[in-house]
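All remarks here apply to the structure that follows.
The values are calculated or read from the model by the stated rules, or taken from the named source; none is laboratory data. Keep in mind that what you see is a predicted model, and the values were worked out from it rather than measured. Cβ atoms come from the backbone with ideal geometry, glycine included; neighbour counts cover every protein chain shown.
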């Protein structure tokens, strides 16, 4: 019998989707779950972090709290949603100090307060490995819901913010900067309201993996232009190539109808530019154009259970 380390997260998730949603009634595989909520869709998402896998050594508890709240809200943003509230389950060693827990929840509260999201409850349990799970709820009008599927050949591929925050952490140990994810809620909502966006995803496991996920969901291909990607300042060429696959950016990657591209690309979004980085193609492959040459953009983002 195969071990999970031999299967990898992507195939595990695909298997679970086939089991729990064989007819596709619940849109499993998007950034959030979707339930009919009258005129709106109810969005539900969850994400877990553990000390072993996600929390850098010497990370401040306030930054950890912010991070677990922000990455869940990022999923709501990717659907164009308006958050309703959050819940948190905390699995902590019995040796954890009360001060550490207080500082952790200060970070959660800071992020949720900034985005006007109430904390509705949760659960606490003993656990030898720090394990924190967030659950976020939101709504979005049905006719504005952003999905991973929907991209069409000729659409413009664009991204918010900058790519490569994880490389800065790896190189400079900028732990606080790495964990202070900013969920793109307002931009996601504006993109949803525009009617111009045909597909969307948040970049959690790397730009390459996120592009492949959009391609698979829409049954299309993509051409990504390396020179157009807005990398964080200060990366060398080797680091820029690594940044294509490094997780933790939590920016929005999305496609735009060609006739609406100028409207979106020229719109001013506070403190967060939008950059065109490529096109949707019809050849069902994902390529990277660099130095006037086109090469396959491999799906090499982080994959749980495989540890890479």
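The table below lists the values:
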| quantity | calculated |
| --- | --- |
| Qualifying residue in the range 186-203 (condition: surrounded by fewer than 18 Cβ atoms within 10 Å (Cβ to Cβ), part of a strand (DSSP E or B) and not assigned by TED's automatic domain parsing to the domain that holds residue 43) | no |
| Which listed residue is surrounded by fewer than 21 Cβ atoms within 10 Å (Cβ to Cβ), more than 18 Å from residue 183 (Cα to Cα) and not assigned by TED's automatic domain parsing to the domain that holds residue 174, from 120, 87 | 120 |
| So residue 49, is it closer than 21 Å to residue 98 by Cα, in a strand (DSSP E or B), under 19 Å from the mean Cα position of the chain (by Cα) and touching a residue at least 40 places away in the same chain (Cβ under 8 Å) | yes |
| Boolean, residue 277 is in the same structural domain as residue 218 (by TED's automatic domain parsing), in contact with a helix residue (DSSP H, G or I) (Cβ under 6 Å, 6 or more places away or on another chain) and modelled with pLDDT of 95 or more | yes |
| Residue within the range 160-175 that is touching a strand residue (DSSP E or B) at 6+ places or on another chain (Cβ under 6 Å), part of a strand (DSSP E or B), assigned by TED's automatic domain parsing to the domain that holds residue 236 and within 24 Å of residue 222 (Cβ to Cβ) present | yes |
| Single condition residue 13 does not satisfy, out of (1) in a strand (DSSP E or B); (2) closer than 22 Å to residue 202 by Cα; (3) modelled with pLDDT under 95 | (1) |
| Inter-residue pairs, beta-carbon under 7 Å, first outside the structural domain of residue 214 (by TED's automatic domain parsing) and touching a residue at least 60 places away in the same chain (Cβ under 8 Å) and in the range 10-22, second surrounded by 11 or more Cβ atoms within 10 Å (Cβ to Cβ) and in a helix (DSSP H, G or I), 6+ apart | 12/4 |
| Selected residue [at positive phi and out of contact with any helix residue (DSSP H, G or I) (no Cβ under 6 Å at 6 or more places or on another chain)] from 80, 38 | 38 |
| Residue tally, condition surrounded by fewer than 17 Cβ atoms within 10 Å (Cβ to Cβ), without any contact (Cβ under 8 Å) to a residue 60 or more places away in the chain and within 18 Å of residue 278 (Cα to Cα), over the range 223-259 | 3 |
| Residue count, the range 90-114 (criterion: surrounded by fewer than 19 Cβ atoms within 10 Å (Cβ to Cβ) and farther than 16 Å from residue 63 by Cβ) | 7 |
| Scan of the range 206-222 for residues that are surrounded by fewer than 18 Cβ atoms within 10 Å (Cβ to Cβ) and either in contact with a helix residue (DSSP H, G or I) (Cβ under 6 Å, 6 or more places away or on another chain) or without any contact (Cβ under 8 Å) to a residue 40 or more places away in the chain (or both), ordered by number | 216 |
| Residue satisfying condition, being within 30 Å of residue 277 (Cα to Cα) and touching a helix residue (DSSP H, G or I) at 6+ places or on another chain (Cβ under 9 Å), within set 92, 146, 137 | 146 |
| Qualifying position, being in contact (Cβ under 8 Å) with a residue 40 or more places away in the chain, outside the structural domain of residue 40 (by TED's automatic domain parsing) and touching a strand residue (DSSP E or B) at 6+ places or on another chain (Cβ under 7 Å), among 151, 69, 78, 136 | 151 |
| All positions within the range 242-292 that are within 20 Å of the chain's Cα centre (by Cα) and part of a helix (DSSP H, G or I) | 242, 243 |
